[in-house]
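Asker: Would you mind keeping the following structure in view while I ask a few things?
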Amino acid sequence: MSKPDTSVVPTNFLRQIVQADLDAGKHAKIVTRFPPEPNGYLHIGHAKSICLNFGLAREFGGDCHLRFDDTNPAKEDQEYIDAIEQDVKWLGFDWAGEVRYASRYFDQLHAWALVLIEAGKAYVCDLTPEQAREYRGSLTEPGQDSPFRERSVAENLDLFARMKAGEFKDGEKVLRAKIEMASPNMNLRDPILYRIRHAHHHQTGDTWCIYPSYDYTHGQSDALEGITHSICTLEFEDHRPLYEWFLANLPVPAQPRQYEFSRLNLNYTITSKRKLKQLVDEGHVSGWDDPRMSTLSGYRRRGYTPESIRNFCEMIGVNRASGVVDIGMLEFSIREDLDVRATRAMCVLRPLKVVIDNYPEGQVEHLELPRHPKEDMGVRALPFARELYIDRDDFMETPPKGYKRLEPNGEVRLRGSYVIRANEAIKDAQGNIVELRCSYDPDTLGKNPEGRKVKGVIHWVPAAQSVECEVRLYDRLFRSPNPEKAEEGGSFLDNINPDSLVVLQGCRAEPSLAQAQPGERFQFEREGYFCVDTRDSRPAHPVFNRTVTLRDSWAQG
């Protein structure tokens, strides 16, 4: 893709809303919240919401809460809670007060359910899920009243108490709000308030066997926390009338206002938690933090910086227009960030041995190369000796036109050192080149003698002092810009890119990388940006993950 125009100021219509509310005295202080369900790891779409909610609070001197909307214990886990907290902190944000849980409000939510029953605005329904779908109607047909809709207040109170006491099986009964089955808004057709679930909850244990629905819980939790701006994605726009109905019909302590913005849709990317979990459970990836995943933990392990993700979220702006963002913008953002902060190093991914015949045996020169060409990051020592490694792709016996690397009787400069000439290619019995015999010009250290024309500059490492390592070349997990779209009878899994991970063993890195720490980032000259793997790397066997190439290699395809 072409370079994004960073001079354009990104839109964020919510900034104007918040500013107007503060100017009008509607709120003395804004309070936002980030309310994930702890049923999976956070992905890049969540990063947009995190940056928006925490960013608005930070910008306007308000508070942002971290609240887990934990209403479905069957799909939730403490592992997800811990990962979400880590991701929020990694992105550079902190929440006001303690971590909040919707489950801490279960007593109050239950009490408010009784208020609705006593007001004749909620009833216990015995329809099976299949029957309930039939009675609900469709987008073109109104729903029908449940035959249990006119139960008396006393009967509903009794049945709801027995639901809470555990007398009924899962799915046998539900508590529904009594709104309007003929409403054109499907969400207002007597939505479910409580379901029976005999499941252990990670926060409340076995205290409850009835659990409130997300729609019922969410707005009331906002009200209990004094949220001023309840910000969610556009798919919740049709839920807003229900959100407001609950607030209008319950004695809540505050009246939060819901605002919607367009979610982040990124091409070549899956952000459905259900499908991400499927990728993990079926072994298509190594885990939630696989560097090919769109999860924040995956991006972190791959070497993305929190600054690059925050910059990306600011770059794409906040609006109500649905669309698809080119993943090239995210890759541009990480390149821009790492270009400044990543130290330079050399690593030969496909080693080819070079012997410099006219270099004295046993001699070692200790060269100094800058850690960064523009930033003041000091220097690194690099031994130069008779035997080296260059990349196999940097020598061709019959090169194409325009080839600017090493060829028979041709010359190149080794980065930061001498000009060498290829004199002979040594081959094995199968005709494969296994070694180059070269010569060097001792007068070319760091300079080109007058009239000397050298085609190009290649990277290298000393053979004896280099560090053997593993390099993992990560690429986009999906080969289709719209991986959700599958051919008839297929699934999104059919769009997995078979070359999304290439593992290279026996790579050789310059000696300075022997002490590289997990998570440390580098630019391997001419190869891309890399990060020391935080899970598998060991001092005796470093593992480097490719974060991103030096340029958009997908631009033409």
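The values are calculated or read from the model by the stated rules, or taken from the named source; none is laboratory data. Every value quoted in this text rests on a predicted model; they were computed, and no experiment measured them. Cβ sites come from the backbone with ideal geometry, for glycine too, and all protein chains shown count toward neighbours. To get the accessible areas, we keep the full protein, side chains included, count just its heavy atoms, and leave off ligands, DNA and RNA. Shrake-Rupley method; radii C 1.70, N 1.55, O 1.52, S 1.80 Å.
Asker: Taking θ = phi - 60°, what integer Hz values does the Karplus form 6.51 cos²θ - 1.76 cosθ + 1.60 yield along segment 33-44, in sequence order, with x for Gly and Pro?
Answerer: Coupling constants for segment 33-44: 8, 10, x, x, 8, x, 10, x, 7, 6, 10, 4 Hz.
Asker: For F544, what residues show an amide H to amide H distance below 5 Å, using hydrogens built from the backbone and excluding near sequence neighbours?
Answerer: E470, V471, R472, D533
Asker: Given H placed 1.01 Å from N in the peptide plane, which residues other than close sequence neighbours of R33 have an amide H under 5 Å from its amide H?
Answerer: Those lying under 5 Å, H to H, from R33 are H65, I231.
Asker: In addition: Carbon and sulfur: what percent of segment 1-144's accessible surface (1.4 Å probe)? Could the numbers behind the result be given before it?
Answerer: Working: 3170 of 6630 Å².
About 48 percent, which is the carbon plus sulfur part of the accessible surface.
Asker: So, by mean Cβ neighbours within 10 angstrom, what's the order for 152-165, 460-473 with the highest one leading?
Answerer: Working: 152-165: 15.1, 460-473: 19.9.
Going by the mean number of other Cβ atoms within 10 Å, highest first, we get 460-473, 152-165.
Asker: Also, I was wondering about something else. Antiparallel as a % of all DSSP beta bridges within the chain, to the nearest 5?
Answerer: If we restrict to bridges inside the chain, about 70 percent are antiparallel.
Asker: Could you tell me the convex hull volume per residue, in Å³, taken over the Cα atoms of segment 348-396? All intermediate terms of the calculation are to be shown ahead of the outcome.
Answerer: Values: hull volume 5.2 nm³, N = 49.
Per-residue hull volume (Cα only) is 107 Å³.
Asker: Next up: Evaluate the distance, in nm, between pseudo-label points positioned 7 Å from the Cα of N249 and of A28 along their respective Cα→Cβ axes.
Answerer: 3.3
Asker: Rank S491, W208, P191 by how far each Cα sits towards the positive end of the charge dipole of the chain (+1 on Lys, Arg Cβ; -1 on Asp, Glu Cβ) and give me just the farthest.
Answerer: S491
Asker: Using only alpha carbon pairs under 8 Å that are at least six residues apart, calculate the relative contact order of the chain and give it in whole percent. Display every interim value, and only then the final one.
Answerer: Values: 1067 pairs, mean separation 67.3, N = 557.
Relative contact order for the chain comes out at 12 percent.
Asker: Work out the length of the dipole vector of segment 274-337 about its Cα centre, built from +1 on the beta-carbon of each Lys and Arg and -1 on the beta-carbon of each Asp and Glu, and round it to the nearest 20 debye. If you can, show how the numbers build up before the last one.
Answerer: Working: 10 positive and 10 negative charges, 46 e Å.
For this selection, approximately 220 debye.
Asker: Something else: I'd like to compare 450-457, 73-80: which one has the highest average count of other Cβ atoms within 10 Å, and what's the full order after that?
Answerer: Numbers: 450-457: 11.2, 73-80: 16.2.
Top of the packing list down: 73-80, 450-457.
Asker: A further question follows. How far is helix 153-165 tilted off the main Cα axis of the chain, in degrees rounded to 10, range 0 to 90?
Answerer: 40
Asker: Among [x] 30; [y] 18; [z] 39, only one was calculated for this model; which label is it, if the read-out is percent of Cα pairs over 41 Å apart?
Answerer: Identified label for the calculated read-out: [z].
Asker: Give me the dipole magnitude in Debye, nearest 20, for segment 232-299 about the Cα centre, with unit charges on the beta carbon: positive for Lys and Arg, negative for Asp and Glu.
Answerer: Working: 8 positive and 9 negative charges, 11 e Å.
Charge dipole, segment 232-299, about its Cα centre: 60 debye, nearest 20.
Asker: What accessible area per residue comes out for the chain, rounded to a whole number of Å², with a 1.4 Å probe?
Answerer: Values: 25120 Å² over 557 residues.
Accessible area per residue: 45 Å².
Asker: No other cysteine beta carbon under 4.7 Å away is the test; run it over the chain and list who passes.
Answerer: Isolated Cys, the chain: C64, C125, C209, C232, C347, C438, C469, C507, C531.
Asker: With angles folded into 0 to 90 degrees, how steeply does helix 214-224 sit against the dominant principal axis of the chain? Use alpha carbons for both and round to 10.
Answerer: That helix lies at roughly 90 degrees to the long axis.
Asker: With an 8 Å cut-off on Cα pairs and a minimum separation of 6 or more residues, tell me the relative contact order of segment 368-506 in percent.
Answerer: Numbers: 202 pairs, mean separation 27.2, N = 139.
It rounds to 20 percent for segment 368-506.
Asker: Then there's this: How far is helix 78-90 tilted, in degrees, relative to the longest principal axis of the Cα atoms in the chain, given as a value from 0 to 90 rounded to the nearest 10?
Answerer: Taking Cα atoms only, the helix is inclined about 60 degrees.
Asker: OK, next. What is the gain in length, in nm to one decimal, between L234 and N497 on full extension, counting 0.36 nm per residue of separation less the C-alpha to C-alpha distance? List each step's numbers first, then the result.
Answerer: On the way: separation 263, 0.36 × 263 = 94.68 nm, distance 3.01 nm.
So the chain would gain 91.7 nm between L234 and N497.
Asker: Which whole-angstrom value gives the distance between the alpha carbon centres of segment 220-243 and segment 155-198?
Answerer: Going from one Cα centre to the other spans 21 Å.
Asker: Give me the dipole magnitude in Debye, nearest 20, for the chain about the Cα centre, with unit charges on the beta carbon: positive for Lys and Arg, negative for Asp and Glu.
Answerer: Numbers: 72 positive and 85 negative charges, 187 e Å.
Taking the Cα centre of the chain as origin, the dipole is about 900 debye.
Asker: Moving to a separate point now. Along the charge dipole of the chain, pointing to its positive end and built from +1/-1 on Cβ of Lys, Arg, Asp and Glu, which listed residue (N482, L445, T549) has its Cα farthest out?
Answerer: Result: L445, furthest along the dipole toward the positive end.
Asker: I would also like to ask the following. Among the listed pairs K374/K453; K404/K447; K353/K427; K26/K89; K275/K485; K75/K277, which have their C-alpha atoms separated by more than 22 angstrom in this model?
Answerer: Working: K374/K453 26 Å; K404/K447 18 Å; K353/K427 12 Å; K26/K89 30 Å; K275/K485 13 Å; K75/K277 11 Å.
As for pairs spanning more than 22 Å Cα to Cα, those are K374/K453; K26/K89.
Asker: For segment 258-391, what is the relative contact order in percent, using Cα pairs closer than 8 Å and at least 6 residues apart in sequence? Please report the intermediate quantities before stating the final value.
Answerer: On the way: 153 pairs, mean separation 26.6, N = 134.
Answer for segment 258-391 is 20 percent.
Asker: Here's a follow-up. Can you work out the Karplus-derived ³J(HN,Hα) for every residue in segment 113-129? Use 6.51 cos²θ - 1.76 cosθ + 1.60 with θ = phi - 60°, whole Hz, and x for glycine or proline.
Answerer: 4, 5, 4, 5, 4, 5, 8, x, 10, 8, 8, 8, 10, 9, 4, 6, x
Asker: Of the accessible area of segment 240-313, with the probe set at 1.4 angstrom, what percent is carbon plus sulfur?
Answerer: Values: 1050 of 2500 Å².
Of the solvent-accessible surface of segment 240-313, carbon and sulfur hold 42 percent.
Asker: Go through segment 355-367 residue by residue and turn each phi into a ³J(HN,Hα) via Karplus (6.51, -1.76, 1.60, θ = phi - 60°); whole Hz please, and just put x for glycine and proline.
Answerer: Couplings: 10, 8, 4, 8, 8, x, 5, x, 7, 9, 9, 9, 7 Hz.
Asker: Of I231, A83, P373, which is farthest along the charge dipole of the chain in the positive direction, counting Lys and Arg as +1 and Asp and Glu as -1 at C-beta?
Answerer: Farthest towards the positive pole: P373.
Asker: Something else: Ignoring any ligand, DNA or RNA, what whole percent of the accessible area of segment 342-436 comes from carbon and sulfur when the probe is 1.4 angstrom?
Answerer: Values: 2140 of 4800 Å².
Reported share for carbon and sulfur atoms: 45 percent.
Asker: Using a 1.4 angstrom probe with every protein chain in place, what is the largest-first accessible-area order of M377, M181? Please list the in-between numbers first.
Answerer: Details: M377 60, M181 5 Å².
Listed by decreasing accessible area, they come as M377, M181.
Asker: Work out Dmax and Rg for segment 1-149 from the C-alpha atoms and quote the Rg first, both in angstrom.
Answerer: 21.0, 62
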